[in-house]
1. What are the pairs with Cβ atoms under 9 angstrom where one residue, in the stretch 82-96, is surrounded by 10 or more Cβ atoms within 10 Å (Cβ to Cβ) and the other, located anywhere, is among the basic types (K, R) and assigned to a helix (DSSP H, G or I)? Sequence gap at least six, or different chains.
2. Would the stretch 48-67 turn up any residue that is touching a Ser or Thr at 6+ places or on another chain (Cβ under 9 Å), under 19 Å from F11 (Cα atoms) and at pLDDT below 95?
3. Test each condition in (1) polar (S, T, N, Q); (2) surrounded by 14 or more Cβ atoms within 10 Å (Cβ to Cβ); (3) part of a strand (DSSP E or B) for T16 and report the one that comes out false.
4. If you go through the stretch 47-67, how many residues are closer than 15 Å to G87 by Cα and touching a strand residue (DSSP E or B) at 6+ places or on another chain (Cβ under 6 Å)?
5. So for the stretch 53-67 (the condition being crowded, with 18+ Cβ neighbours inside 10 Å and part of a loop (DSSP other than H, G, I, E, B)), does at least one residue qualify?
Amino acid sequence: MANEQAPGWTFLSNHTHVLVCLAADGDLTLREVALRVGVTERAVQRIVADLELAGVLERTRDGRRNAYRIDPAVPLRHPLESHRRIGDLLGIVAAPASRAAVQPAATRPSKPAVKAAAKPAAKPAAKK
């Protein structure tokens, strides 16, 4: 039995798969998410709209692209899991590197602060 083909279902929903992708990289395009999840781009757009409406995702415009931030404090929606939070779920299924993407906004540095910290310090003017 162990060698048989995997079933046509998974333990996690496409909503969770989209969250896992965006937790790993909040700058992915929805087309890239769709390719990773294995659904259409339109399906991902609907899922992202659902997640935004539920307060799980926040979309911000970054030039011509969107960036996504996940609120880990939002409780899971089903009564059987409502005692747990989005961050708990992602802490189990997301890759360790993606956990920084799901920190509460208050504990994360803002984007300008991150960019400013990455710039090298200006060199002092040379004396003549």
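The values are calculated or read from the model by the stated rules, or taken from the named source; none is laboratory data. Treat the numbers as computed from the prediction; the structure is a model and nothing was measured. Positions of Cβ are generated from backbone atoms using ideal geometry, with glycine treated the same way; all protein chains shown enter the neighbour counts.
1. G87/R99; L90/R99; G91/R99
2. no
3. Among (1) polar (S, T, N, Q); (2) surrounded by 14 or more Cβ atoms within 10 Å (Cβ to Cβ); (3) part of a strand (DSSP E or B), T16 violates only (3).
4. Qualifying residue count, the stretch 47-67: 3.
5. yes
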